[in-house]
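Beneath this line is the structure, given in structure tokens, with notes to follow.
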Amino acid sequence: MWRGVVRPYLRRMTALDVRNLHKRYGEHVAVDDVSFTVEEGEIFGVIGPNGAGKTTTVESIAGLRTPDSGSISVLGFDPVRDRAEVRELLGVQLQESGFPDAIKVAEALELHGSFYRDPADWRELMELLDLGDKRDTQYKALSGGQKQRLSIALALVGNPRVAILDELTTGLDPQARRDTWSLIERVRDTGVTILLVTHFMDEAERLSDRIAVIDGGRVAAVDTPAGLIARSSAVQQVRFRVSRPLDKRVLTELPDVTGVEISDGRWLVTGRGQLLSSVAGALARAQVVAEDLRVDRRNLDDAFVAFTGRAPEYRNLSERRGER
Ligand code: ATP
């Protein structure tokens, strides 16, 4: 089991501070004005439509692209000016790997570890990523999931304090995705801050402490997953049956309620704000029990639509069929 370095911080530092980032390619503005901060120990998700500027943003943080303006701090260091320091502090797993086909798993890990001052134990990482029995397998002979796990191991082999993971589970089957999520949570538990770019809403919702929604090169919203969902779902609905007759006005007079419909003994209450607790309180005061109570649960897909005006995109249909 990879032990990493457990870092019990008394006071959290800011791991990443991105301010007013701007980057254009020719006439095309890829990142218009992106700002956010990530606290140490967080898993911070970045979501947004294709072409929103996510990869440009995270590659700028990694020092792989140079922004036209704005500032980036990785634990106090600038990725362009302080390249050597940032290399030691930051591990990056990117969409494209670019490994030589013939390199073997163990060789790739050992080689990459040798580039760092204080690397993790690559053998332990290999076990953690479940690649032990593939140690002598060439890169070209690995399955998609194994390649993905190797790229995560390589992002961690320098023992980074911040890891950037871009499209972490794209191409993995549902079980491999869940295994990868557990792994990422274990990595976070060792104190590593994680910046996670994903187009899977369930992944972002499950893993992220906070999420930035990027759209058109700008940050449309930053919040916890629950906060984004709550902010995006203005309209809520509660359904139930009543244990005994109830005067409709008990509910229609509530400030959060905008509509009450009754059909075949089923009540449908529409409203906003703290709708569920308002309704539950009113029913309790009227000594009515709500039976078969259901609340329409909004999820991050709804928040994505609300903040970007588009549905989340999936890389291919099989991912969608397998996962949604
Ligand atoms: P995706 O989800 O599809 O990976 P993204 O949000 O990561 O998209 P970026 O890859 O940052 O978006 O791209 C933002 C915009 O900049 C896109 O319109 C893209 O076509 C353009 N772009 C990105 N890299 C370059 C480049 N090297 N040269 C020219 N245009 C680029």
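Structure notes:
- When residue 86 is tested against (1) surrounded by fewer than 18 Cβ atoms within 10 Å (Cβ to Cβ); (2) more than 14 Å from the ligand (Cβ to nearest atom); (3) β-branched (Val, Ile, Thr), exactly one condition is not met: (1).
- Residue check for residue 19: basic (Lys, Arg) and out of contact with any strand residue (DSSP E or B) (no Cβ under 8 Å at 6 or more places or on another chain): no
- Every pair of residues 6+ apart whose Cβ atoms lie under 9 Å, when the first sits in segment 273-288 and is among the hydroxyl-bearing types (Ser, Thr, Tyr) while the second is in a loop (DSSP other than H, G, I, E, B) and surrounded by 15 or more Cβ atoms within 10 Å (Cβ to Cβ): 277/256; 278/254; 278/256
- Those helices (runs of 4 or more DSSP H) of segment 51-159 in which at least 2 residues are modelled with pLDDT under 90, considering only elements entirely within it, cover 122-128, 144-156.
- Among the candidates 284, 280, residue that is exposed (fewer than 14 other Cβ atoms within 10 Å of the Cβ) and either assigned to a loop (DSSP other than H, G, I, E, B) or not assigned by TED's automatic domain parsing to the domain that holds residue 152 (or both): 284
- Residues in segment 22-50 that are in contact with an Asp or Glu (Cβ under 7 Å, 6 or more places away or on another chain) and either outside any strand (DSSP E or B) or within 12 Å of the ligand (Cβ to nearest atom) (or both): 23, 24, 42, 48, 49, 50.
- Any hit, segment 251-270, residues being among the basic types (Lys, Arg), surrounded by 13 or more Cβ atoms within 10 Å (Cβ to Cβ) and in contact (Cβ under 8 Å) with a residue 60 or more places away in the chain: no
- Matching residues in segment 280-315 - criterion: being β-branched (Val, Ile, Thr) and more than 30 Å from residue 46 (Cα to Cα): 288, 289
- Options 222, 157, 192: the member that is β-branched (Val, Ile, Thr) and surrounded by fewer than 23 Cβ atoms within 10 Å (Cβ to Cβ): 222
- Pairs are defined by a Cβ separation below 8 Å, a sequence spacing of at least 6 or placement on different chains, a first member in segment 47-67 that is farther than 16 Å from residue 90 by Cβ and among the hydroxyl-bearing types (Ser, Thr, Tyr), and a second member that is assigned to a loop (DSSP other than H, G, I, E, B) and more than 7 Å from the ligand (Cβ to nearest atom); the pairs so defined are 56/65.
- Residue check for residue 180: farther than 15 Å from residue 110 by Cα and either within 16 Å of the ligand (Cβ to nearest atom) or in a loop (DSSP other than H, G, I, E, B) (or both): no
The values are calculated or read from the model by the stated rules, or taken from the named source; none is laboratory data. Since this is a predicted model, take the numbers as computed values, not measurements. Glycine also receives a Cβ, built like all others from the backbone with ideal geometry; neighbour counts cover every protein chain displayed.
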